[in-house]
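Visitor: Next up is a structure, given as structure tokens.
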2 protein chains.
Amino acid sequence: MRPPLETPPPSSGPLAGSTLVRTLAADLPAVPPGSAVRLQGWVHRRRELATVTFLVLRDRTGMAQVVVRAADGSQQVPPEETTVEVIGTVVPNPHAPSGVEVVGRQDAGLRIEPLTDAAETPPVELWRPTLAASLPTQLDHAAVAWRHPVRKAHGEIAAASLRGFRDTLDAAGFTEVCTPKLVGTATESGANVFAVDYFGRSAYLAQSPQFYKQQLVGVFERVYEVGPVFRAEPHDTVRHLAEYRSLDVELGFVRDHRDVLAVLRDVLAGMAEAVRGSAGAVRLGARVPDVPAQIPVIHFAEALELVGAPADEPDLAPEHERALGEWALAEHGSDFLAVEGYPLAKRPFYTHPEPGSARWSNSFDLLFRGLELVTGGQRLHRYGDYVAAIRARGEDPASYDAYLAAFRHGMPPHGGFAIGLERWVARLVEAANIREVTPFPRDLHRLTP
Amino acid sequence: MRPPLETPPPSSGPLAGSTLVRTLAADLPAVPPGSAVRLQGWVHRRRELATVTFLVLRDRTGMAQVVVRAADGSQQVPPEETTVEVIGTVVPNPHAPSGVEVVGRQDAGLRIEPLTDAAETPPVELWRPTLAASLPTQLDHAAVAWRHPVRKAHGEIAAASLRGFRDTLDAAGFTEVCTPKLVGTATESGANVFAVDYFGRSAYLAQSPQFYKQQLVGVFERVYEVGPVFRAEPHDTVRHLAEYRSLDVELGFVRDHRDVLAVLRDVLAGMAEAVRGSAGAVRLGARVPDVPAQIPVIHFAEALELVGAPADEPDLAPEHERALGEWALAEHGSDFLAVEGYPLAKRPFYTHPEPGSARWSNSFDLLFRGLELVTGGQRLHRYGDYVAAIRARGEDPASYDAYLAAFRHGMPPHGGFAIGLERWVARLVEAANIREVTPFPRDLHRLTP
């Protein structure tokens with residue numbers, strides 16, 4: 001039986017390198033001084049002084065300082081970004097960043113073994129506290145630039161967010177579903193879809209799992225999906241991507257959109273909690289939001305009034321969203337604000353109206369620090385209402401036949417929402433451009449790397 | 001403050017329906033007899049006898065039997081699949097499937113309120129223990145057919161598998177990543193990709209996240225992704241789909257493919273454990289596999305010999321895989337068998353050779369019950385080796401430039417694997433066709449619903 005990949009090293013005594021298991025940088029301070037350790041990682045920084053060379057080794061958990069002295073003989077520190085294995089002894093050093101460093105062993109000296117050929121000089125300087133390179137340069141060299149601890153932290157925050165999202169919903173009886181990204185029709189919004197050559201036929205990339213998640217409410221009642229969505233919108237802004245990760249939720253047996261908002265509140269709280277505990281958020285000192293027990297809600301009509309916009313505005317402009325965000329913080333101490341009641345005419349056909357109103361809808365947008373992060377609401381659930389809503393938009397219900405089958409055969413009152421993962425992370429780390437938190441963004445101009 | 005959506009009802013006393021919170025079918029046996037309850041769900045089965053009508057109500061947790069008597073007056077049971085709300089009293093009945101049933105309350109009778117118009121008769125009979133409809137009929141009517149408890153169980157098993165996959169990897173220091181599905185080149189395998197019209201340029205749907213997950217090993221060391229992959233392969237078989245969910249893993253600082261296999265073993269054990277505890281597996285009585293502490297491994301050359309195939313066969317045929325599956329079960333009591341050493345020439349260019357061999361590779365396929373479920377192995381990690389391997393296949397390394405940047409700038413020895421989710425579920429529930437466990441399959445012929 002082979003030894004496990006990673007376990008703490010034996011607590012004492014020098015050991016032959018070949019049987020010594022790997023110690024992670026973050027675990028180093030807990031290793032008893034004098035123990036032999038084996039580190040693996042990247043040469044994050046090589047600093048050659050007159051009598052000593054410092055090697056800062058980076059692994060997935062953090063940094064470890066290695067000190068190479070003349071007494072260590074022929075050991076060379078390879079260039080930055082080369083992957084290496086280091087075997088030495090842990091000693092305390094209050095001046096070292098983690099309170100300990102690794103030096104040569106009395107009996108066997110220090111061993112630094114490159115795991116590959118010497119790395120070429122990186123196109124961006126990774127060892128500096130901030131990435132000085134321009135965003136286009138970073139994106140052109142994503143495979144390397146994302147190794148920077150700040151960029152890595154963004155990825156860790158995204159991963160923690162996904163975990164918090166799923167854990168909250170799993171605990172609330174939701175079922176994760178996988179719905180197709182290749183679809184046969186461009187019905188939800190005919191424009192702005194990417195066309196695919198599908199075995200000689202036309203297919204499209206799904207702009208959202210909306211129709212499928214609704215149908216699956218008929219199966220599982222409560223469903224969620226994390227997946228890519230594709231928007232062929234020729235936007236060229238700091239907040240739009242042509243492909244992004246959508247965190248989709250849909251649930252049945254709701255009274256109205258306020259029940260949907262209650263689930264959204266719990267989901268955001270779970271995401272924030274997971275992020276707060278993540279190494280990335282700690283490293284960045286990210287300002288993780290507190291999610292209030294009840295997210296403040298304002299009606300769309302009131303919101304327009306509050307920001308001094310004309311009462312017949314059909315949507316909120318970015319500057320209105322910013323003003324509302326400031327108002328929510330000042331008035332409610334909340335980074336979040338739900339705006340409900342959006343004009344029905346501006347929402348998709350499946351949107352449920354406000355009871356007794358032809359103008360307003362049971363839908364909402366959620367603003368996070370003054371930026372739209374989530375769209376959600378109650379959907380229609382009666383077949384007849386769908387037929388009427390589709391006809392009212394001048395379309396033929398027959399072209400929605402497969403989708404409408406769910407409603408002909410019994411659906412509960414339901415609703416849901418979708419969170420854009422990249423937007424959430426960008427807003428959380430206060431990035432100026434969504435591309436700063438997206439390793440390989442896709443947009444009007446960028447399709448590589 | 002609005003009451004929560006679902007909490008146990010008060011333990012005694014009849015309550016006005018409007019303030020009574022919902023009870024789920026699975027929680028009904030734990031409700032004290034005589035309590036008022038409010039159920040919500042679908043009319044799974046309506047059975048009208050001379051003096052009494054049985055309503056089997058289905059919700060996401062199971063079934064509840066409701067008994068409608070003449071004394072309940074005008075209460076009608078709507079047609080099957082209509083969503084309803086039922087308010088009544090819980091009484092023990094040892095003959096009822098769950099040991100309890102819901103009847104009219106002494107003071108207020110039984111209330112059955114449809115939540116929508118009466119549902120049309122479903123295109124497939126959902127209330128029978130097995131779905132008698134042909135597979136094409138089921139797929140044509142997926143939105144309804146998947147409500148059948150057996151189909152729903154498949155979805156629950158898939159969701160549990162995903163949870164087990166992620167939980168195992170999260171605990172082992174892996175970071176979840178999201179990589180683009182729209183890519184600029186069709187480099188990994190030029191044929192069999194779907195072309196996309198990307199703002200007037202050509203893009204392709206990613207066949208796998210292989211290149212990206214490798215690059216991200218450079219950032220996070222250990223990564224995983226769950227996402228759609230797209231194969232424009234004109235296969236028309238019971239085990240291929242044009243879009244499926246790939247569970248991708250990649251990790252750095254491995255010694256060779258055996259370290260990768262050790263992680264795969266833990267991942268499969270975590271998936272099996274999660275499935276074992278899922279409602280779907282319990283309902284189906286699914287034969288969830290025991291994953292041995294060490295998955296038996298056989299070399300490709302030995303495997304050929306064992307099945308009596310010529311020693312120069314480049315791959316295992318399906319009948320060979322079946323025979324090997326039977327052998328693993330007989331010889332090792334294992335549903336799993338890893339075949340290592342596949343001929344290098346038949347594996348992708350990034351495959352690491354067996355040390356000292358030009359013929360064999362450090363890669364493996366994992367067979368689950370005699371069917372290929374996972375492909376994995378060690379990858380090349382030196383830039384020079386990539387250039388040589390790409391040239392050896394008659395290709396130009398320049399066209400892989402963005403990918404190769406990771407290797408020019410330092411990568412660790414690494415490897416990984418990919419599990420096909422639908423194949424795993426299909427094999428686990430012993431489905432004859434992968435489409436039985438895929439709600440909305442995409443293949444040569446099918447792009448809808």
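The values are calculated or read from the model by the stated rules, or taken from the named source; none is laboratory data. Just so it is clear, the model here is predicted, and its values are computed rather than measured. All Cβ positions, glycine included, derive from the backbone under ideal geometry; neighbour counts span all protein chains shown. In case anyone asks, the SASA skips ligands and DNA or RNA and just uses the protein heavy atoms, side chains included. Shrake-Rupley method; radii C 1.70, N 1.55, O 1.52, S 1.80 Å.
Visitor: Go over the candidates A:Ala392, A:Ala398 one by one and state the one that is open to solvent by 60 Å² or more (accessible area, probe 1.4 Å), within 14 Å of chain B (Cβ to nearest Cβ), under 30 Å from B:Thr121 (Cα atoms) and among the small types (Gly, Ala, Ser).
Guide: Details: A:Ala392 fails: within 14 Å of chain B (Cβ to nearest Cβ).
Answer to the selection: A:Ala398.
Visitor: Can you pull out the residues in the range A:329-347 that are of a type in the set (Gly, Ala, Ser) and free of Cβ contacts under 8 Å to residues at least 40 places away in the same chain?
Guide: Our first condition is that a residue be of a type in the set (Gly, Ala, Ser); within the range A:329-347, this holds for A:330, A:333-334, A:338, A:341, A:345.
Residues satisfying the conditions are A:Ala330, A:Ala345.
Visitor: To continue, here is another question. Could you say whether any residue in the range B:349-367 is of a type in the set (Ser, Thr, Tyr), within 21 Å of B:Leu247 (Cβ to Cβ), in contact with a His (Cβ under 9 Å, 6 or more places away or on another chain) and at pLDDT 95 or above? Spell out the reasoning first.
Guide: Of the residues in the range B:349-367, the ones of a type in the set (Ser, Thr, Tyr) are B:350-351, B:357, B:361, B:363.
Within this subset, residues satisfying the condition of being within 21 Å of B:Leu247 (Cβ to Cβ) are B:350-351, B:363.
Narrowing further to those that are in contact with a His (Cβ under 9 Å, 6 or more places away or on another chain): B:363.
If we keep only those that are at pLDDT 95 or above too, we end up with B:363.
Checking the range B:349-367: at least one residue is of a type in the set (Ser, Thr, Tyr), within 21 Å of B:Leu247 (Cβ to Cβ), in contact with a His (Cβ under 9 Å, 6 or more places away or on another chain) and at pLDDT 95 or above.
Visitor: Could you check the range B:235-263 and list, in sequence order, the residues that are at the interface with chain A (Cβ under 10 Å from one of its Cβ atoms), under 14 Å from the mean Cα position of the chain (by Cα) and closer than 25 Å to A:Leu24 by Cα?
Guide: Within the range B:235-263, no residue meets the criteria.
Visitor: What is the number of the single condition among (1) over 21 Å from the mean Cα position of the chain (by Cα); (2) among the small types (Gly, Ala, Ser); (3) in a helix (DSSP H, G or I) that B:Ala309 does not meet?
Guide: Failing condition for B:Ala309: (3).
Visitor: Additional query: Condition first: of a type in the set (D, E, K, R), open to solvent by less than 30 Å² (accessible area, probe 1.4 Å) and more than 7 Å from every other protein chain (Cβ to nearest Cβ). Now tell me which residues in the range B:115-163 satisfy that. Working first, answer last.
Guide: Initial filter on the range B:115-163 (of a type in the set (D, E, K, R)): B:117, B:120, B:125, B:128, B:140, B:147, B:151-152, B:156, B:163.
Subsequent filtering for residues that are open to solvent by less than 30 Å² (accessible area, probe 1.4 Å) retains B:147, B:151-152, B:156.
The one that is of a type in the set (D, E, K, R), open to solvent by less than 30 Å² (accessible area, probe 1.4 Å) and more than 7 Å from every other protein chain (Cβ to nearest Cβ): B:Arg151.
Visitor: Regarding the range A:247-257, can at least one residue be identified that is crowded, with 21+ Cβ neighbours inside 10 Å, of a type in the set (A, V, I, L, M) and more than 22 Å from B:Trp42 (Cα to Cα)?
Guide: From the range A:247-257, those crowded, with 21+ Cβ neighbours inside 10 Å are A:247-254, A:257; that's our starting set.
This time we only want the ones that are of a type in the set (A, V, I, L, M), so: A:247, A:249, A:251, A:254.
Then keep just the ones that are more than 22 Å from B:Trp42 (Cα to Cα); that gives A:247.
Looking for residues that are crowded, with 21+ Cβ neighbours inside 10 Å, of a type in the set (A, V, I, L, M) and more than 22 Å from B:Trp42 (Cα to Cα), one finds at least one in the range A:247-257, hence yes.
Visitor: Across the range B:434-449, which residue is farthest from A:Ala405 (Cα to Cα) among those that are at the interface with chain A (Cβ under 9 Å from one of its Cβ atoms) and aliphatic (A, V, I, L, M)?
Guide: Checking each candidate, the answer is B:Leu444.
Visitor: Continuing with this model, one more query. When residues of the range A:198-225 are filtered for being hydrophobic (A, V, I, L, M, F, W, C), at the interface with chain B (Cβ under 9 Å from one of its Cβ atoms) and out of contact with any helix residue (DSSP H, G or I) (no Cβ under 6 Å at 6 or more places or on another chain), how many remain?
Guide: Residues meeting the conditions: 5.
Visitor: Could you say which residue among B:Arg287, B:Arg265, B:Arg283 is out of contact with any helix residue (DSSP H, G or I) (no Cβ under 9 Å at 6 or more places or on another chain) and assigned by TED's automatic domain parsing to the domain that holds B:Asn433? Step through it out loud before you land on a result.
Guide: Values: B:Arg287 fails: out of contact with any helix residue (DSSP H, G or I) (no Cβ under 9 Å at 6 or more places or on another chain); B:Arg283 fails: out of contact with any helix residue (DSSP H, G or I) (no Cβ under 9 Å at 6 or more places or on another chain).
Testing whether each residue is out of contact with any helix residue (DSSP H, G or I) (no Cβ under 9 Å at 6 or more places or on another chain) and assigned by TED's automatic domain parsing to the domain that holds B:Asn433 leaves just B:Arg265.
Visitor: Do we find that A:Val103 is open to solvent by less than 10 Å² (accessible area, probe 1.4 Å) and either at pLDDT 95 or above or closer than 30 Å to A:Asp443 by Cα (or both) in this structure? Let's see the steps before the verdict.
Guide: Numbers: open to solvent by less than 10 Å² (accessible area, probe 1.4 Å): no; either at pLDDT 95 or above or closer than 30 Å to A:Asp443 by Cα (or both): yes.
Answer is no for this residue.
Visitor: Related question: Which count do you get for residues in the range B:164-178 that are facing another protein chain (nearest Cβ under 7 Å), touching a residue at least 40 places away in the same chain (Cβ under 8 Å) and either among the hydrophobic types (A, V, I, L, M, F, W, C) or in a helix (DSSP H, G or I) (or both)? Even if it seems obvious, please write down each step before you answer.
Guide: First, the residues of the range B:164-178 that are facing another protein chain (nearest Cβ under 7 Å): B:170, B:173, B:175-178.
Filter once more, so that each one left must be touching a residue at least 40 places away in the same chain (Cβ under 8 Å): B:173, B:175-178.
This time we only want the ones that are either among the hydrophobic types (A, V, I, L, M, F, W, C) or in a helix (DSSP H, G or I) (or both), so: B:177-178.
Within the range B:164-178, residues that are facing another protein chain (nearest Cβ under 7 Å), touching a residue at least 40 places away in the same chain (Cβ under 8 Å) and either among the hydrophobic types (A, V, I, L, M, F, W, C) or in a helix (DSSP H, G or I) (or both) number 2.
Visitor: Related question: Filter the range B:59-84 down to residues that are charged (D, E, K, R) and either facing another protein chain (nearest Cβ under 10 Å) or in contact with a helix residue (DSSP H, G or I) (Cβ under 6 Å, 6 or more places away or on another chain) (or both) and give me whichever is farthest from A:Val219 (Cα to Cα).
Guide: My answer is B:Glu80.
Visitor: Moving on. Filtering the range B:264-303 down to residues that are within 13 Å of another protein chain (Cβ to nearest Cβ) and under 14 Å from B:Phe336 (Cα atoms), which residue is surrounded by the most Cβ atoms within 10 Å (Cβ to Cβ)?
Guide: B:Leu264
Visitor: Within the range B:314-326, take every residue that is touching a strand residue (DSSP E or B) at 6+ places or on another chain (Cβ under 9 Å) and not in a helix (DSSP H, G or I) and give me the one that is surrounded by the most Cβ atoms within 10 Å (Cβ to Cβ).
Guide: Start the filter on the range B:314-326 by keeping residues that are touching a strand residue (DSSP E or B) at 6+ places or on another chain (Cβ under 9 Å), which leaves B:314-316, B:318, B:321-322, B:324-325.
If we keep only those that are not in a helix (DSSP H, G or I) too, we end up with B:314-316.
Values: B:Pro314: 10, B:Asp315: 13, B:Leu316: 21.
So the residue we want is B:Leu316.
Visitor: Among the numbered criteria (1) touching a residue at least 12 places away in the same chain (Cβ under 8 Å); (2) farther than 21 Å from B:Ala279 by Cα, which one does B:Arg47 miss?
Guide: Here B:Arg47 clears every test but (1).
Visitor: Follow-up. Residue check: is B:Val339 touching a Phe, Trp or Tyr at 6+ places or on another chain (Cβ under 8 Å), among the β-branched types (Val, Ile, Thr) and open to solvent by less than 20 Å² (accessible area, probe 1.4 Å)?
Guide: On the way: touching a Phe, Trp or Tyr at 6+ places or on another chain (Cβ under 8 Å): yes; among the β-branched types (Val, Ile, Thr): yes; open to solvent by less than 20 Å² (accessible area, probe 1.4 Å): yes.
In short, yes.
Visitor: Say whether the condition of being under 30 Å from A:Ala406 (Cβ atoms) and at pLDDT 95 or above is met by at least one residue in the range A:316-336.
Guide: We begin by selecting, within the range A:316-336, every residue under 30 Å from A:Ala406 (Cβ atoms); these are none.
No, the range A:316-336 has no match at all.
Visitor: Might you let me know whether the range B:149-159 holds any residue that is farther than 27 Å from A:Tyr403 by Cβ and in the same structural domain as B:Gly285 (by TED's automatic domain parsing)? Full working, then the answer.
Guide: Pass one, the range B:149-159, residues farther than 27 Å from A:Tyr403 by Cβ: none.
Looking for residues that are farther than 27 Å from A:Tyr403 by Cβ and in the same structural domain as B:Gly285 (by TED's automatic domain parsing), one finds none in the range B:149-159, hence no.
Visitor: Which strands (runs of 3 or more DSSP E) does the range B:62-123 wholly contain that include 2 or more residues that are in the same structural domain as B:Ala36 (by TED's automatic domain parsing) and within 21 Å of B:Pro29 (Cβ to Cβ)?
Guide: Details: elements: B:62-69, B:83-92, B:100-103, B:111-114.
Correct list: B:62-69, B:83-92, B:100-103.
Visitor: Please tell me if B:Glu422 is of a type in the set (Asp, Glu), touching a residue at least 40 places away in the same chain (Cβ under 8 Å) and within 14 Å of chain A (Cβ to nearest Cβ).
Guide: Details: of a type in the set (Asp, Glu): yes; touching a residue at least 40 places away in the same chain (Cβ under 8 Å): yes; within 14 Å of chain A (Cβ to nearest Cβ): yes.
For B:Glu422, the condition - of a type in the set (Asp, Glu), touching a residue at least 40 places away in the same chain (Cβ under 8 Å) and within 14 Å of chain A (Cβ to nearest Cβ) - is met.
Visitor: Mind checking whether some residue in the range B:363-379 is of a type outside the set (Gly, Ala, Ser), over 29 Å from the mean Cα position of the chain (by Cα) and farther than 30 Å from B:Val288 by Cα?
Guide: Here is the first cut: in the range B:363-379, the residues of a type outside the set (Gly, Ala, Ser) are B:364-369, B:371-375, B:378-379.
Now narrow it down to the ones that are over 29 Å from the mean Cα position of the chain (by Cα): none.
So far as the range B:363-379 goes, no, none of its residues is of a type outside the set (Gly, Ala, Ser), over 29 Å from the mean Cα position of the chain (by Cα) and farther than 30 Å from B:Val288 by Cα.
Visitor: Do the conditions hold for B:Glu430, that is, is it more than 10 Å from chain A (Cβ to nearest Cβ) and either surrounded by fewer than 22 Cβ atoms within 10 Å (Cβ to Cβ) or under 16 Å from the mean Cα position of the chain (by Cα) (or both)? Before you say what the answer is, go through the steps one by one.
Guide: Numbers: more than 10 Å from chain A (Cβ to nearest Cβ): yes; either surrounded by fewer than 22 Cβ atoms within 10 Å (Cβ to Cβ) or under 16 Å from the mean Cα position of the chain (by Cα) (or both): yes.
It is true that B:Glu430 is more than 10 Å from chain A (Cβ to nearest Cβ) and either surrounded by fewer than 22 Cβ atoms within 10 Å (Cβ to Cβ) or under 16 Å from the mean Cα position of the chain (by Cα) (or both).
Visitor: Right, another one. Looking only at residues that are over 14 Å from A:Ser246 (Cα atoms) and assigned to a loop (DSSP other than H, G, I, E, B) in the range A:179-188, which one is farthest from the other protein chains (Cβ to nearest Cβ)? Show your work before the answer.
Guide: Of the range A:179-188, the ones over 14 Å from A:Ser246 (Cα atoms) are A:182-188.
Filter once more, so that each one left must be assigned to a loop (DSSP other than H, G, I, E, B): A:184-188.
Details: A:Gly184: 4, A:Thr185: 8, A:Ala186: 12, A:Thr187: 11, A:Glu188: 14 Å.
Per the criteria, the residue is A:Glu188.
Visitor: From (1) within 14 Å of chain A (Cβ to nearest Cβ); (2) open to solvent by less than 30 Å² (accessible area, probe 1.4 Å), pick out the condition that doesn't hold for B:Ala309.
Guide: Of the numbered conditions (1) within 14 Å of chain A (Cβ to nearest Cβ); (2) open to solvent by less than 30 Å² (accessible area, probe 1.4 Å), the odd one out for B:Ala309 is (1).
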